[in-house]
Amino acid sequence: MGLLKKIVGGTIGFVIAGPLGAIAGAAIGHALDMDSQHLQTAQRARLSSNEEAQFTFFVATFSMLAKLAKVDGRVTREEIDTVEKFMIYDLSLDPISRRVATNIFHAAVESPDNFRDFASQFYIQFQAQPQMLDLMIDILLRVSIADGTLSPSEEELIHVAVRLFNFSDEKYMTLKSRYVKDVQKYYAILGCDINDSNEQIKKQYRKLVSDYHPDKIASKGLPDEFTKFANDKFREIQEAYEVIKKERGIR
């Protein structure tokens, strides 16, 4: 049974503080038709530290996406459709998980807390795990660019997270260029430069394969519901290396 199913099924309770805790209480409470205070105090069994990390990642993702969608003042039907497609096609969420994600999204849209509040709490949880910070920026960019454009207001908000996560401008541009459709994209996926030597590229590829191996990253607190996304990213790293190998004739 997945973590969200256990929470929604009432077999496990949760305690997450801060803005994300308020969103989680509202979203899960709505799913159970319970008020959030009763939900967080009614259960004896609590989340383990790893389960708390997984749940925080899940809540933060859809809370930050909600504020990103609302950056222009209102959430359009097209933006909701984009997030729903991300749930279905990128994450392969089951119906229960989609319901929870949708509740989180709508609760965050109406929340008085802002994008920075959510991003700050996420950073506190995952500051020692750079892969998780990378994944969050990747998700924000992927969903924002899904309609073919990244608006200035969307990018400005993503920059809030970039600065909170202590990413350099160069690192951000590397992440962003993953969505540019040319050979530079594949170097960006590996975090390499087109002028790097073959040995440098091999070394970086081996590091990424180790850092983003699905089993390893799952142990860092990635929710089960994001496993497909992480697996796709792992395959993306492998495919990028194969393209560069072929282009350079690396053996």
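Below is a table of values for the structure above.
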quantity: Computed Kirkwood radius, in angstrom, where 1/r is averaged over Cα pairs of region 111-251; calculated: 16.1
quantity: Distance cut-off 18 Å, percentage of C-alpha pairs in region 150-226 lying past it; calculated: 58
quantity: Reachable aspartates and glutamates from K85, criterion Cα separation under 17 angstrom, eight or more residues apart if same chain; calculated: D94, D138, D147, E225, D232
quantity: Full-stretch length increase - R163, R248 - with 0.36 nm per residue and alpha-carbon distance subtracted; calculated: 27.1 nm
quantity: Choice from D90, D113, D81 with maximal GNM fluctuation in the chain (Cα, 10 Å cutoff); calculated: D81
quantity: Gain in span if fully extended, D232 to H213, counting 0.36 nm per residue against the direct Cα distance; calculated: 5.8 nm
quantity: Residue among Y123, L65, A230 farthest towards the positive dipole end of the chain, charges placed on Cβ; calculated: A230
quantity: Chain lengthening between R74 and Y89 when straightened (0.36 nm per residue, less Cα-Cα); calculated: 3.0 nm
quantity: With every protein chain in place, the chain: carbon and sulfur % of accessible area (1.4 Å); calculated: 49
quantity: Fluctuation leader among A101, A24, A146 - the chain, Gaussian network, Cα springs under 10 angstrom; calculated: A146
quantity: Probe 1.4 Å, protein heavy atoms only - accessible area per residue of the chain in square angstrom; calculated: 48
quantity: Computed FRET value (nearest 0.05) for N195 with D81, which takes r as the C-beta separation and R₀ as 35 Å; calculated: 0.30
quantity: From the C-alpha gyration tensor of the chain, square roots of 5λ in Å; calculated: 33, 20, 15
quantity: Global form of region 72-127, assessed from the alpha-carbon gyration tensor, a/c cut-off 1.5; calculated: oblate
quantity: Rounded to the nearest 10 Å², the accessible area of V243 at probe 1.4 Å; calculated: 60
quantity: Alpha-carbon centroids, region 149-197 and region 44-123: separation in whole Å; calculated: 22
quantity: Of K228, K85, K202, the one that fluctuates the most in a GNM where the chain has Cα springs shorter than 10 Å; calculated: K202
quantity: Helix-only CD estimate at 222 nm, as mean residue ellipticity for the chain, using -39500 (n - 2.57) per DSSP H run (n ≥ 4); calculated: -21500 deg cm²/dmol
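The values are calculated or read from the model by the stated rules, or taken from the named source; none is laboratory data. Just so we're clear, the structure is a prediction, and the values are computed from it rather than from any experiment. Don't worry about glycine lacking a Cβ; one is built from the backbone with ideal geometry, like all the others, and counts go over all protein chains shown. To get the accessible areas, we keep the full protein, side chains included, count just its heavy atoms, and leave off ligands, DNA and RNA. Shrake-Rupley method; radii C 1.70, N 1.55, O 1.52, S 1.80 Å.
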